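See below for the structure under consideration.
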Amino acid sequence: MSPWSPASWRDKPAAQQAAYASPADLERVVAQLALLPPLVTSWEIETLKSQLAEAAQGRRFLLQGGDCAESFAECSADAITNKLKILLQMSLVLVQGSGKPVIRVGRFAGQYAKPRTDEFETRGSVRLPSYRGDLVNRPGFTQAEREPDPRLLLRAYERSALTLNFIRALVRGGFADLHHPENWDLDFTAHSPLAEEYRGIARRVEGSLQFMENILDVHASQIAWVDFFTSHEGLHLSYEQAQTRQVPRREGWYNLATHFPWIGMRTANPEGAHVEYFRGIANPIAVKVGAGMPPAQVLRLLDILHPSDEPGRMTLIHRFGNQRIAECLPPMIEAVRASGKTVLWCCDPMHGNTRTTPGGVKTRHFDDIRGELEQAFAIHQQHRSYLGGVHIELTGEDVTECLGGARNLVDADLARDYRSEVDPRLNYEQALEMAMLIARIMGRT
Ligand code: PEP
Ligand code: CO
């Protein structure tokens, strides 16, 4: 293989890159970005890698969740706090159900770039470049807003820093203290059909914490707050390259814009630029795999991206859809086993289950999401494999983007509060219900 550098991806075909009017302007911005301080540290990245290694062995469970795409408009105290609250609540439920420590990873502080199926969007007789996330252009349907603007890279980086700064302050400041789960209550919990069950779980966790403190005769303040890690799709390679650095006293190169970048389905070409970039960074990485991706391609990806079988390095996030998982997952598990390498298996029950209503709205049904998850746990168990994580698009807000769930949202409800510019997310209640469901399945297995 030819030598790697943070820029060696430029010699390979790069899918899903925006066409900037002035490449020179883009390079100027990338040079500016490269001078700014990093968002995360190599210590944090290595800590996460060792936790993911334990998850791959069945000793931890990964909860990865957040918006399909963050937006500049939602970089606000409420939106960030509510996202943390729902992830904390879900993780509490999962800890209780699985009896294992949960690794919390947000799709946040950098999830600003989106792959698109169509390069252009047409409305009536007007044809404009597709919206590719706030990192690249803007959602409004005008030529000016859809024109890729390199300055947005700086704005996105700054908002990632603002988001992460607020998250770190909340976590360190006691917001995530397990002694006080009432801090994370969301306003609508009180009216939720799930409220009682959730409160019961929270009380049991508090009880266990007290029990542990009593027998250890210590206050668990050292271990009683929890950590969050960040992740985003490493899609915009100039942006990722700008934050790829060497650090003192460690070998290799780290992407210091996020702890845990992943390669999306559409850019997982073993000969492509994304795989070339990811091969050289020391972060733990994930690849989305799905129907239409032959096991041989996954093995080729493991050769390139996971050559030394380093513990914690590689997560495979499968997203086959409720209809296809029974046919597609078993051969993939067996192929990976035959390679002799260890990966962390994670199920994304969202992206294989997207559909469009007769009215033209992109949605997902809770029952399909649940169906895929249930099958995923069962198939891994049948094949003596371990499903060590879930990857979910959710929000802490009370939106109406996915159908079904405890309140049984129907097509007509979608119009009430549909906010996503991209994929539909589980709302607060649906996300909590999903966590309870997973906890129940894990409690049984
Ligand atoms: C996503 O995670 O938002 C996404 C685009 O997923 P995938 O690459 O699995 O289609
Ligand atoms: Co999505």
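Would you mind stating whether Lys100 is closer than 22 Å to Phe260 by Cα and more than 16 Å from ligand 2 (Cβ to nearest atom)? Criteria met by Lys100. Applying the condition of being surrounded by fewer than 20 Cβ atoms within 10 Å (Cβ to Cβ) and free of Cβ contacts under 8 Å to residues at least 40 places away in the same chain to the range 324-335 and asking which residue is nearest to the chain's Cα centre (by Cα) yields Arg324. Whenever a residue of the range 266-293 is under 16 Å from Gln17 (Cβ atoms) and in contact (Cβ under 8 Å) with a residue 12 or more places away in the chain, its partners that are within 16 Å of ligand 1 (Cβ to nearest atom) and of a type in the set (S, T, N, Q), lying with C-beta atoms within less than 7 angstrom and at least six residues away or across chains, give the pairs Arg266/Gln16; Thr267/Gln16; His274/Thr267; Val275/Asn269. Residue-level check: of (1) in a helix (DSSP H, G or I); (2) more than 26 Å from Gln51 (Cβ to Cβ); (3) modelled with pLDDT of 95 or more, Glu372 misses just (2).
In the range 49-91, what residues are in contact with a strand residue (DSSP E or B) (Cβ under 7 Å, 6 or more places away or on another chain), in a helix (DSSP H, G or I) and either under 24 Å from Gly396 (Cα atoms) or hydroxyl-bearing (Ser, Thr, Tyr) (or both)? Lys83, Ile86, Leu87, Met90, Ser91 - these are the residues of the range 49-91 that are in contact with a strand residue (DSSP E or B) (Cβ under 7 Å, 6 or more places away or on another chain), in a helix (DSSP H, G or I) and either under 24 Å from Gly396 (Cα atoms) or hydroxyl-bearing (Ser, Thr, Tyr) (or both). Residues of the range 412-433 that are within 16 Å of ligand 1 (Cβ to nearest atom) and not acidic (Asp, Glu): Arg419, Ser420, Val422, Pro424, Arg425, Leu426, Ala431. When restricted to residues that are away from ligand 1 (no atom under 16 Å from the Cβ) and either under 17 Å from the mean Cα position of the chain (by Cα) or without any contact (Cβ under 8 Å) to a residue 60 or more places away in the chain (or both), the range 400-411 contains 8. Gly292: at pLDDT below 95 and either farther than 27 Å from Arg168 by Cα or within 16 Å of ligand 1 (Cβ to nearest atom) (or both), yes or no? Considered against the rule, which asks whether it is at pLDDT below 95 and either farther than 27 Å from Arg168 by Cα or within 16 Å of ligand 1 (Cβ to nearest atom) (or both), Gly292 comes out as yes.
Only one residue in Val247, Val287, Val275 is within 16 Å of ligand 2 (Cβ to nearest atom) and among the hydrophobic types (A, V, I, L, M, F, W, C). Which one?
Working: Val247 fails: within 16 Å of ligand 2 (Cβ to nearest atom); Val275 fails: within 16 Å of ligand 2 (Cβ to nearest atom).
So the residue among Val247, Val287, Val275 that is within 16 Å of ligand 2 (Cβ to nearest atom) and among the hydrophobic types (A, V, I, L, M, F, W, C) is Val287.
The set of residues from the range 99-145 being acidic (Asp, Glu) and not in a strand (DSSP E or B) comprises Asp118, Glu119, Asp134, Glu145.
Of all residues in the range 250-268, which are away from ligand 2 (no atom under 16 Å from the Cβ) and either under 19 Å from Asp348 (Cβ atoms) or of a type in the set (Gly, Ala, Ser) (or both)? Hits for the range 250-268 are Gly252, Ala257, Thr258, His259, Phe260. Only one of the numbered conditions (1) modelled with pLDDT under 95; (2) under 30 Å from Ala176 (Cα atoms); (3) of a type in the set (Val, Ile, Thr) is violated by Thr117, and that is (2). The set of residues in the range 28-79 being within 21 Å of Asp134 (Cα to Cα), of a type in the set (Asp, Glu) and in contact (Cβ under 8 Å) with a residue 40 or more places away in the chain consists of Asp67, Glu70.
Say we look at the range 374-399 and pick out the residues that are in contact with a strand residue (DSSP E or B) (Cβ under 6 Å, 6 or more places away or on another chain) and within 16 Å of ligand 1 (Cβ to nearest atom); which of these is farthest from Cys68 (Cα to Cα)?
Residues of the range 374-399 that are in contact with a strand residue (DSSP E or B) (Cβ under 6 Å, 6 or more places away or on another chain), as a first pass: 376-377, 380, 387-392, 394.
Checking which are within 16 Å of ligand 1 (Cβ to nearest atom) leaves us with 376, 389-392, 394.
Working: Ala376: 21, Gly389: 18, Val390: 15, His391: 11, Ile392: 9, Leu394: 8 Å.
The extreme case among them is Ala376.
Being surrounded by fewer than 23 Cβ atoms within 10 Å (Cβ to Cβ) and either within 16 Å of ligand 1 (Cβ to nearest atom) or at positive phi (or both) narrows it down to one residue among Ser76, Ser42, Ser50, Ser71; which is it? Spell out how you get there, then give the answer.
Numbers: Ser76 fails: either within 16 Å of ligand 1 (Cβ to nearest atom) or at positive phi (or both); Ser42 fails: either within 16 Å of ligand 1 (Cβ to nearest atom) or at positive phi (or both); Ser50 fails: either within 16 Å of ligand 1 (Cβ to nearest atom) or at positive phi (or both).
The match here is Ser71.
Against the conditions (1) outside any strand (DSSP E or B); (2) away from ligand 2 (no atom under 15 Å from the Cβ), Val422 satisfies every one except (2). Quickly run through the range 13-32 and pick out the residues that are surrounded by 13 or more Cβ atoms within 10 Å (Cβ to Cβ) and either under 24 Å from Glu251 (Cβ atoms) or of a type in the set (Gly, Ala, Ser) (or both). Result: Ala14, Ala15, Ala18. Working only within the range 370-419, note down all residues that are more than 16 Å from ligand 2 (Cβ to nearest atom), farther than 25 Å from Lys288 by Cα and not charged (D, E, K, R). Matches in the range 370-419: Thr400, Gly404, Gly405, Ala406, Asn408, Leu409, Val410, Ala412, Leu414, Ala415. A search for C-beta distances below 8 Å between a residue of the range 415-441 that is in contact (Cβ under 8 Å) with a residue 40 or more places away in the chain and on the phi > 0 side of the Ramachandran plot and any residue that is within 15 Å of ligand 2 (Cβ to nearest atom) and assigned to a loop (DSSP other than H, G, I, E, B), counting only pairs 6+ apart in sequence or on different chains, returns nothing. Of everything in the range 64-86 that is within 15 Å of ligand 2 (Cβ to nearest atom) and among the polar types (S, T, N, Q), the residue that is nearest to Ile317 (Cα to Cα) is Gln64.
Of all residues in the range 336-365, those that are free of Cβ contacts under 8 Å to residues at least 12 places away in the same chain have Cβ atoms under 6 Å from Cβ atoms of residues that are part of a strand (DSSP E or B) and within 16 Å of ligand 2 (Cβ to nearest atom), 6 or more apart or on another chain, in Thr356/Lys362.
Looking only at the range 334-361, which residues are more than 16 Å from ligand 2 (Cβ to nearest atom) and either at pLDDT below 95 or farther than 16 Å from His306 by Cα (or both)? Walk me through it before giving the result.
Step one: of the range 334-361, the residues more than 16 Å from ligand 2 (Cβ to nearest atom) are 334-345, 357-360.
Result: Glu334, Thr357, Pro358, Gly359, Gly360.
The values are calculated or read from the model by the stated rules, or taken from the named source; none is laboratory data. Bear in mind that the values here come from a model prediction, so they are computed numbers and not experimental data. Glycine gets a Cβ as well: all are built from the backbone with ideal geometry, and neighbour counts include every protein chain shown.
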